[in-house]
1. Test of understanding: among ASP478, ASP497, which residue is within 32 Å of the chain's Cα centre (by Cα), exposed (fewer than 12 other Cβ atoms within 10 Å of the Cβ) and closer than 24 Å to LEU257 by Cβ?
2. Looking at the stretch 254-274, which of its residues are out of contact with any Gly (no Cβ under 8 Å at 6 or more places or on another chain), closer than 19 Å to GLU186 by Cα and modelled with pLDDT of 75 or more?
3. May I ask you to verify whether GLU377 is within 13 Å of VAL441 (Cα to Cα) and more than 19 Å from the chain's Cα centre (by Cα)?
4. Taking the stretch 1-54, which residues are under 30 Å from GLN248 (Cα atoms) and surrounded by fewer than 16 Cβ atoms within 10 Å (Cβ to Cβ)?
5. Sort through THR420, THR444, THR397, THR452 and tell me the only one that's surrounded by fewer than 19 Cβ atoms within 10 Å (Cβ to Cβ), touching a helix residue (DSSP H, G or I) at 6+ places or on another chain (Cβ under 7 Å) and touching a residue at least 24 places away in the same chain (Cβ under 8 Å).
Amino acid sequence: MWVALQNMYNPEWYLGEYDHVNTATGERVRVHAQYSDAVDVPHGWTVDMSDAVAKTMERVPVHCMSIPHQSVWASSSSSSVAMGMESAPANQRAKRSHSDDAMDDEDDTPTGPASTPSAQSGMECDNGSASDESKRARPGVAPPAGTSLAGCSSGGRPVLVPGATHVKHAAIIKLYQEDTSIKVNESYEFVGVLCCDPVTDASPEEEPGMVCSFMESGEAAAVKAASGSTGPASSSVIPRIHAVAFRQLSPKWNPALDNLAPAQQACRRTELANALPAVRARVVKSLSNALLGDTLAAEYILCHMLSRVYHRAHGVPVGKLSLAITGLPPTSAVGTSATQDLVGVLQTLLPAVAYVPMSVKHLSAKLMAPKKDYDTEMLHTGDLQMTPSTQVLCDETAMVAGKLNETGLKNLHCLQQLATFQHLLFDFSFYQMEFPTDVPVLVTSQGKPLMTTDIVLKLCPDAPTAAAVRAELQANPDTKDMVQLCRIYMGLARATDVGLSDDLCKVAEEKFVQARQVCVAPSLVLSRSSSQIICVCAYILPDRASQIFDQSLVNSNVKHVVQADEKVDQESLGRWITLAKLLAASYGSSDLKKEHWEQMVAMEAQRAARVAV
């Protein structure tokens, strides 16, 4: 099962080995009690727990939950495993408490824009109908994306994940292997034994022959708080799984690639080499269609989606590329939200997408960062506690006039820290702790963005291009095979490590030095012929500028020089190299080539021109 690690408890001691002694004959049987929460004492036998016989061992319980904000196509890959956990034999669940039987299912609550792509996205998606959001979760049926479940075990009984709004399942998993690499917020795959000991589902009066094992206080508080009782903690409330084996999912994990070994991924990359240009073009067209025909914005978002943190230099994340798209209209020409269309495409392509409406009401409602509750010794999760590779979309088009309260200001600060430093602030009341993460942050806004990002791009809707792309997508709709191919492409491209040759390093260094040595301002504003401003960034050499614009226009129509909005500094060089590498990865290349660098330069020139206008 694929899960996210939400919290870690203190190690617990348990009776790992002991002897069963037959009260009649004195016969002894050695018992190994791993992978169980109870000491089973058969009728007519006693337990010898003396120091000379018994052996106490240590294990670590961790609180896990289903991966937050998972897209429907990704969650369906692991839902069969989770549903199997819920489908315990009837005789093992016969002694549930009556209070559990009386609990009703909780209705799903949509928390974002439509979970399925718009009909305009051009991609067929198996997310189900929108009416599914109003249905209750049923065994064997994965809830739609964007629903709000606090988790459910068999029969829809609530499973405690404190503060959760995007969690379908939860369990306490006990680790027997000593592994210091286990980290909160990371995603793991566990194979283990589901604990359905009758003692945890029944009262001591009903099972006098059973003796409960030791349980860590935080774990006990979790299950007892979920059950709402002061009696023995029930495994039917929070399932407990004893891990036999587990592995950490790579930060580049994608369900579409999960069943492929590294060698098979290399073979698949070779197989997709011929289809790669067509698949890339299809992804760009789908993004462009959602962005009202803006191909440049689609290229930037594609690079942004592929970005990941591959190194931290003195706490500074290297490889991340936060992006803000400004100038989005409140509604598109067809009457649907442009951001909603974009979210639909992202959910179709990516395994996890977190939609964050930046409205005063949403930001001020509750804390989005995890917070420790010292009364129950529980760590309450938040909407921003996500696994690596989760795509975050902050929708500033939802903003209206208002005043943020203290909670809203804290949430805004957490979002900015996430975009800038790629770490999440955990609130421990008396102090805050930074936990590193790796989630691309995309901001959509109608005007100047509230959040600071690495790149700001002004959207320029292109009605003719949008109409042509829409007509093409409608004439040739994507099949499920094509959608799956696009998902595999996104996973392979994001997993590609791009190298930088010495020749390209020299080219990049020369560009940077020339930009820094320019005595005049970093941009030239040419004549406003036909009410159009043409801006040429200084880091583009004159010979390159002549390839983009008419040389006669450059030579004869220069009017004056103005200071550009962006300064050329070390961060600029890092941004150029990161963007060029992401472009190379989007083409399936493991080496940064000159054509990728030149495309990056042209894209930055067009972006600067839009900022100048």
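The values are calculated or read from the model by the stated rules, or taken from the named source; none is laboratory data. As the structure is a computational prediction, the values presented were derived from the model and not from experiment. All Cβ positions, glycine included, derive from the backbone under ideal geometry; neighbour counts span all protein chains shown.
1. ASP497
2. Within the stretch 254-274, just PRO255 meets the criteria.
3. no
4. ASN10, PRO11, TRP13, GLU17, HIS32, GLN34
5. Every option except THR452 fails the conditions.
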